[in-house]
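The values are calculated or read from the model by the stated rules, or taken from the named source; none is laboratory data. Just so it is clear, the structure is predicted and the values come from calculations on it, not from any experiment. Here the Cβ is made from the backbone with ideal geometry for all residues, glycine too, and neighbour counts use every protein chain on show.
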Amino acid sequence: MKNYDVVIIGGGPAGATVGQYLKEQGINYLVIERGTNYRDKVCAGGVPVGIMDVLPVSKRNFERVEYDTLTVDFRATLESTVKIDRPFMYGVARTEFDHFLREGLNVHYNEKFVMFEREKNGVVVHTDKAVYRTKFLVGADGVGSRVSILSGLAKKRRFILAEEKETPLEDKDKVNNVKIFLGYNRFGYGWIFPKKDHRSSGSGALQKYFLHSKGTVNKFDRSKRQTKIHPISLWGGEEVLTDGRIGLAGEAGNLVDPFTAGGIYPAVLSGKLLAQSIEKALKKGKSNLYEYNELLMDKMYEEFRYALFLSKMFYPFIPLIKKVILSRSVMQQAMEYASNGYISYKKFFEKVRKTRKIHIKIAYFLVKMFANK
Ligand SMILES: Cc1cc2nc3c(=O)[nH]c(=O)nc-3n(C[C@H](O)[C@H](O)[C@H](O)COP(=O)(O)OP(=O)(O)OC[C@H]3O[C@@H](n4cnc5c(N)ncnc54)[C@H](O)[C@@H]3O)c2cc1C
């Protein structure tokens, strides 16, 4: 049986980030990935520019499209387009992006995690090919996380269902232009993210509303490509993501932004935080990862709380506030804000609270009352 300091299940953005940070510290780790080296992942690939601050330095030079133009459409009746002078978001093709993040790591591909057993001084990990002994086990195995199921951590409760298709670029597609579609589905939105050679078009909504809006993507992208449907496990409140020597990162721990349903940035950030906690635990000879929970509280959960609140304020009221959302000044401000890094929901609410505009204050408190019911 081979011994490791850390075994990581899953080689998506969360698992690859944990691996890269551990590798930098010379820690003896293994990544187990059930897919192939170039595994397919259904994803629009929209990434906040703030990802540069959390990726390992050696992984910041990734292939990307830089978006400087945003179009927002409301049911094909209203449309607004704004361009700024710098990127407000990046677009990545997931197969290449994930492969790049894993490059240089010790990965066993085509190997599937099956179960683990706890021991006094470690964890025994069983895959369909081998058995390993490790001091710490990382579950970075995404939405269907088996590590989460077997450990009882991060039960999956709040889902988005999303449909998506990929179509070769046409002449009319502008590569630097993200398009967002509002008003077609309740508690959700649609998108077109162009990449270098194709566009990812999709639409998603909270699980209970998805069926009413299934097929929405075909209303704004009429290409006859196959649509794939996938769940996204949203963050629904603070949760402890460690138990002894086991820790969860990324979507395995429901770490998906509850406003945008974006999971790539939270996967990378949580992967970095978990690697930091493991490194300290190994140095101090600890048998738990409590510090990771504190880091999550400090660096992620507070922002997610505001994001959840914003989602309750925003999605049900889109038809009422569509003209505000689509106004050039609001769109421009949001893009400028995003272009400075990861949008801070907390700072946004602090601004709203401090506004002198009495109608915004009244609207804010009314929505707050309604949203908390
Ligand atoms: C349609 C759609 C569009 C999306 N668009 C965006 C977007 O534009 N921007 C954004 O930020 N997020 C988006 N997301 C969400 C994002 O894709 C995920 O949240 C993100 O991939 C989570 O990263 P992760 O590393 O936690 O998990 P994953 O990327 O899912 O990686 C988990 C890995 O674990 C492996 N694995 C699973 N089980 C096992 C096992 N038993 N043994 C070994 N390996 C295993 C899988 O093969 C996979 O490689 C979208 C999701 C969907 C479905």
Among the residues of the range 17-46, the number that are more than 6 Å from the ligand (Cβ to nearest atom) and either over 16 Å from the mean Cα position of the chain (by Cα) or under 24 Å from ILE160 (Cα atoms) (or both) is 17
Output the qualifying pairs, or none if there are none: Cβ atoms under 7 angstrom, residues six or more apart or on different chains, first residue in the range 86-106 and closer than 12 Å to GLY15 by Cα, second residue of a type in the set (D, E, K, R).
ASP98/LYS41; LEU101/LYS59; LEU105/LYS23
Given the criteria buried (at least 16 other Cβ atoms within 10 Å of the Cβ) and either within 14 Å of the ligand (Cβ to nearest atom) or aliphatic (A, V, I, L, M) (or both), does GLY188 qualify?
yes
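Give the residues of the range 65-123 that are charged (D, E, K, R), farther than 29 Å from PHE181 by Cβ and surrounded by 19 or more Cβ atoms within 10 Å (Cβ to Cβ), sorted by residue number.
Residues of the range 65-123 that are charged (D, E, K, R), as a first pass: 66, 68, 73, 75, 79, 83, 85-86, 94, 96, 98, 102-103, 111-112, 117-120.
When the remaining residues are screened for being farther than 29 Å from PHE181 by Cβ, the result is 102-103, 111-112, 117-120.
Of everything in the range 65-123, just one residue is charged (D, E, K, R), farther than 29 Å from PHE181 by Cβ and surrounded by 19 or more Cβ atoms within 10 Å (Cβ to Cβ), namely ARG102.
If you go through the range 202-209 one residue at a time, do you hit one that is more than 15 Å from the ligand (Cβ to nearest atom), in a helix (DSSP H, G or I) and either under 25 Å from THR167 (Cβ atoms) or of a type in the set (Ser, Thr, Tyr) (or both)?
yes
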Is it the case that some residue within the range 240-247 is part of a loop (DSSP other than H, G, I, E, B), on the phi < 0 side of the Ramachandran plot, surrounded by fewer than 19 Cβ atoms within 10 Å (Cβ to Cβ) and within 22 Å of the chain's Cα centre (by Cα)?
yes
Go through (1) at pLDDT 95 or above; (2) touching a helix residue (DSSP H, G or I) at 6+ places or on another chain (Cβ under 9 Å) one by one and return the number of the condition GLY237 breaks.
(1)
May I ask you to list the residues in the range 160-174 that are more than 16 Å from the ligand (Cβ to nearest atom) and among the aliphatic types (A, V, I, L, M)?
LEU169
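Looking at LYS174, LYS179, which one is touching a residue at least 12 places away in the same chain (Cβ under 8 Å) and in a strand (DSSP E or B)?
Just one listed residue meets the conditions, LYS179.
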Looking at the range 113-161 only, could you name the residues that are in contact (Cβ under 8 Å) with a residue 24 or more places away in the chain, under 19 Å from PRO266 (Cα atoms) and among the basic types (Lys, Arg)?
LYS156, ARG157, ARG158
Of all residues in the range 47-64 being crowded, with 18+ Cβ neighbours inside 10 Å and closer than 27 Å to LEU137 by Cβ, the one that is nearest to the ligand (Cβ to nearest atom):
ILE51
When only residues in the range 281-293 that are part of a helix (DSSP H, G or I) and in contact with a helix residue (DSSP H, G or I) (Cβ under 6 Å, 6 or more places away or on another chain) count, which is farthest from the ligand (Cβ to nearest atom)?
GLU291
So which residues in the range 78-105 are aromatic (Phe, Trp, Tyr) and either in a loop (DSSP other than H, G, I, E, B) or not assigned by TED's automatic domain parsing to the domain that holds THR36 (or both), if there are any at all?
PHE88
May I ask you to say which residue of VAL47, VAL42 is among the aliphatic types (A, V, I, L, M) and at pLDDT 95 or above?
VAL47
Wholly within the range 1-77, strands (runs of 3 or more DSSP E) carrying at least 1 residues that are of a type in the set (Lys, Arg):
2-9
Only one of SER287, SER270 that is under 30 Å from LYS179 (Cβ atoms), in contact with a strand residue (DSSP E or B) (Cβ under 9 Å, 6 or more places away or on another chain) and either assigned by TED's automatic domain parsing to the domain that holds VAL49 or modelled with pLDDT under 90 (or both)
SER270
